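The values are calculated or read from the model by the stated rules, or taken from the named source; none is laboratory data. Quick caveat, the model's predicted, so the values are computed rather than measured. Virtual Cβ from ideal backbone geometry, glycine too; neighbours counted across all protein chains shown. Quick note on the areas: whole protein, heavy atoms, side chains included, nothing else; ligands and nucleic acids left out. Shrake-Rupley method; radii C 1.70, N 1.55, O 1.52, S 1.80 Å.
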Amino acid sequence: MTFLIKNNIKIFYNIFTNSERNKILEQFKPLLCKIEGFAGLQTYANLHHVCKENDFYIDPFVKIKQRTKIKNPIFKSWVNYTDSKLEYVSWHDHMSSPFNMTCVYMLENPDKMGTWFLVNNKIHKLKCPTNSLILFPTNLIHSVPGNIKKPRYTLAMEFMESK
């Protein structure tokens, strides 16, 4: 099921089976680290290459691209981790790179807190449960929610522009 929200934001539900989702989480958790300049923990932004190079037992990028019908190549991909001790609000967009769509897949999100968007000085707080995905234009200012209580793992991707 897919829902279109304002400003060309789309939410997709039930992307993977629970077994697939748990395997994806299990394979990416060991890659999380503290990267200078970023709050919380995250992997380096090359996971789509890591999956191919290391022959991971499940490559989530193929299914996500199929489900969202995005044909553009992935520019960057990374996993974020945050919890009540690592919470932060960091408003930003992704306009400094050559891509036009961003997505955030909720690997584990017990609080059902989706990405927050800042549009016309108003904050839009989307609900997005585990195993759902938010797809949005890179020019939208957004942030991780500021009041996460339980551990939250997300897989973020940026897609290159079509030529």
Candidate set: the stretch 148-163, residues that are at pLDDT below 85 and of a type in the set (D, E, K, R); chosen: the one most open to solvent (accessible area, probe 1.4 Å): 163
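So how many residues does the stretch 89-100 have that are open to solvent by 50 Å² or more (accessible area, probe 1.4 Å) and either at pLDDT below 70 or part of a loop (DSSP other than H, G, I, E, B) (or both)? Steps first, answer last, please.
Of the residues in the stretch 89-100, the ones open to solvent by 50 Å² or more (accessible area, probe 1.4 Å) are 89-93, 95-96, 98, 100.
Right, trim to either at pLDDT below 70 or part of a loop (DSSP other than H, G, I, E, B) (or both) and you get 89-93, 95-96, 98.
Residues meeting the conditions: 8.
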Top-ranked residue in the stretch 112-123 [being out of contact with any His (no Cβ under 9 Å at 6 or more places or on another chain) and surrounded by fewer than 19 Cβ atoms within 10 Å (Cβ to Cβ); ranked as modelled with the highest pLDDT]: 112
Long-range neighbours under 6 Å by Cβ, at least six apart or interchain, first residue touching a residue at least 40 places away in the same chain (Cβ under 8 Å) within the stretch 24-50, second assigned to a helix (DSSP H, G or I) and surrounded by fewer than 14 Cβ atoms within 10 Å (Cβ to Cβ): none
Unmet requirement for residue 149, which otherwise passes all of (1) under 16 Å from the mean Cα position of the chain (by Cα); (2) within 17 Å of residue 83 (Cα to Cα); (3) among the basic types (Lys, Arg): (1)
Tally, over the stretch 124-147, of residues that are over 22 Å from residue 24 (Cβ atoms), open to solvent by 40 Å² or more (accessible area, probe 1.4 Å), out of contact with any helix residue (DSSP H, G or I) (no Cβ under 8 Å at 6 or more places or on another chain) and not β-branched (Val, Ile, Thr): 3
Hits in the stretch 20-42 - residues which are outside any loop (DSSP other than H, G, I, E, B) and open to solvent by 70 Å² or more (accessible area, probe 1.4 Å): 22, 23, 26, 29, 30
Considering residues of the stretch 43-64 that are at pLDDT 85 or above and assigned to a loop (DSSP other than H, G, I, E, B) only, the residue nearest to residue 158 (Cα to Cα): 45
Residue 67, sole failed condition from (1) within 22 Å of residue 143 (Cβ to Cβ); (2) at pLDDT 85 or above: (1)
Among (1) modelled with pLDDT of 85 or more; (2) open to solvent by 30 Å² or more (accessible area, probe 1.4 Å); (3) within 16 Å of the chain's Cα centre (by Cα); (4) hydrophobic (A, V, I, L, M, F, W, C), the one test that residue 79 misses: (2)
